[in-house]
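The values are calculated or read from the model by the stated rules, or taken from the named source; none is laboratory data. All of these numbers come straight from a predicted model, not from anything done at the bench. Using ideal geometry, Cβ is built from the backbone for each residue, glycine included, and neighbour counts are taken over all protein chains shown. These accessible areas exclude ligands, DNA and RNA; they are computed on the full protein's heavy atoms, side chains included. Shrake-Rupley method; radii C 1.70, N 1.55, O 1.52, S 1.80 Å.
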Amino acid sequence: MADVSAGDPLRGTLDVAGPEIFALDDLGGITLAARGDHRAVVTDDGAGLYAAASGDALIAKEGAVIAGTTHREWLAR
């Protein structure tokens, strides 16, 4: 992110992602657990706008910059 923000204008978009792939409910559970919160994350497929991202909709596409830091490593900082 620092390289992009300090560099020349892209005049476009740049996809940035982490090295792991998670379903959103798994990502929520990992994040809660890292904060000492052991509540269960319940998936609601009828949750409106937030249920609309299915399959690989949130997976970085070809050409994305893949960060070396995992989600758990980032949470531990």
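Tabulated results
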item: Test: residue in region 9-30 that is among the hydroxyl-bearing types (Ser, Thr, Tyr), assigned to a helix (DSSP H, G or I) and over 11 Å from the mean Cα position of the chain (by Cα); result: no
item: Selected residue (criterion: farthest from GLU73 (Cα to Cα)) from residues of region 34-48 that are open to solvent by less than 100 Å² (accessible area, probe 1.4 Å) and either touching a His at 6+ places or on another chain (Cβ under 8 Å) or at pLDDT 80 or above (or both); result: ASP44
item: Test: residue in region 13-21 that is within 19 Å of ALA64 (Cβ to Cβ), free of Cβ contacts under 8 Å to residues at least 24 places away in the same chain and either among the basic types (Lys, Arg) or loosely packed, with under 10 Cβ neighbours inside 10 Å (or both); result: yes
item: Tally, over region 1-21, of residues that are in contact with a His (Cβ under 7 Å, 6 or more places away or on another chain) and charged (D, E, K, R); result: 1
